[in-house]
Structures are given as C-alpha cells and as structure tokens.
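The values are calculated or read from the model by the stated rules, or taken from the named source; none is laboratory data. A quick note: this is a predicted structure, and the numbers were derived from the prediction, not measured. With ideal geometry, Cβ positions are generated from the backbone for all residues, glycine too; neighbour counts draw on all protein chains shown. Remember, those area values only see protein heavy atoms, side chains included, never the ligands or the DNA or RNA. Shrake-Rupley method; radii C 1.70, N 1.55, O 1.52, S 1.80 Å.
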2 protein chains.
Amino acid sequence: MRPLAQPASDSIELVSVLHALGDPVRLELVRRAWATPGLTCSADGLSVPASTLTNHWRILREAGVVSMTVDGRHRRIQLRAEDLRARFPGLLDLILGIDTES
Amino acid sequence: MRPLAQPASDSIELVSVLHALGDPVRLELVRRAWATPGLTCSADGLSVPASTLTNHWRILREAGVVSMTVDGRHRRIQLRAEDLRARFPGLLDLILGIDTES
C-alpha cells in the first residue's frame, strides 16, 4: 500500500484544517472516515460527481485531516484523529460530536 | 446604531462558522475583533483591498461569527463570543488560543 503525500503532524495548519472542514460534503466525508476506518473514496448516498469527490478528499488530505493510501485499485482513507487531537485539542471531538447529533 | 442582519444564536451553523474561519485574513479579523471590541472595518496592516475586506466581514457576519452595527459613517464589529461559546463549546477558545500563540 503506497501512502499519498500529506503534511507532517507538526505542519498541520489551523486555517487549512478549518477551510477543509468548512464545507458540508467534506464534513460528511470526515464523519464517514471516522465511522469507517479504511474507507474507500466511494460516494454512496452523496449526490456529488466522482471528480468533485476526489477533489474533496484531496483537500482533506493536503490539510492533514485524512491519510490516503493506494491499495490496488482503491484508495483507503484514515482520519488523522491522533494528529489532529495532538495539534488542536478539542477541535475534532467538537466537530464529530456536533455532527453526530444533528 | 443600526444592527445589520445576522443569524439568531440558535441558527448559527457549524459548517458556516468553519468556512468563515477557514481563511487567513478572516482568522486575523476575528483575532482583531476579539482584541478590540467595537472595532471598525479598517484594514490597518492588512494588504487587502477595502472591497475584499468588506466581503470578509460580511462572510463572518452572515456565518454568525461577528455582529455589525452602523454607527454614522462607521461599521462597528463585535465578536459573538458568547453565542459561539454556547453553540460550539471550545471552538472559539481553541482558535483564539492557537492564534494568539503563533
């Protein structure tokens, strides 16, 4: 499995993370990545073109919110929960908590 | 002083707040609004055209991050700290804390 490029833990920037999370589709993708470790990039139940979805995942990866690895024909997603919690304590739990309730 | 339209406290949406905060200029404006209650919309030290700045303040106001009142020729800004703390506990302090340190 080949990992795609991502920022190091201590290079994750707040403004990039907020930007990445500040979109309803990307917030939903983060929820899904949290609920399903090793998720693929599929769009089940999201009315979003595949190319748009790819772009959303890229923004999340480049911001440091998720890791992606190439696994044959799939890309596997992992939420970088530990890195995000270490860097911005409370942010991820706030977002997952609020999102889960709604 | 005439208040400009803004969402009610309980209508402030997480994704809109994250979007509003996910921009380096807007994050700096939020810091300034926090440091200086009753701030005007001036751009001191920011290399941003006035029209762009007006747009940034509008996005912050429409997301529920700041209140704006028309005071003669000025617009006065107030960070909606109490509303944001009630709605998304920890978010504002995380952002102001991290921002202040950097």
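Here are a few things to note about the model shown:
- Working from the Cα coordinates of the range A:3-102, the gyration tensor eigenvalues give, after taking √(5λ), semi-axes of 19, 16, 12 Å in decreasing order.
- Point-charge dipole on Cβ atoms (K/R +1, D/E -1) for chain B, about Cα centre, debye to 20: 400 debye
- Solvent-accessible area lost in complex, 10 Å² minimum, residues of the range B:72-98 relative to chain alone, 1.4 Å: B:Phe88, B:Pro89, B:Leu91, B:Leu94, B:Ile95, B:Ile98
- Overall, the protein assembly as shown carries a charge dipole of about 400 debye about its Cα centre when +1 sits on the Cβ of Lys and Arg and -1 on the Cβ of Asp and Glu, all other atoms neutral.
- The range A:2-95 - accessible surface per residue (Å², probe 1.4 Å): 50 Å²
- In the B-A interface, the accessible area buried, summed over both sides, Å² (probe 1.4 Å): 1300 Å²
- Cα-Cα pairs of the protein assembly as shown separated by more than 25 Å (percent): 41 percent
- Accessible surface of chain B [probe 1.4 Å, protein heavy atoms]: carbon and sulfur percent: 51 percent
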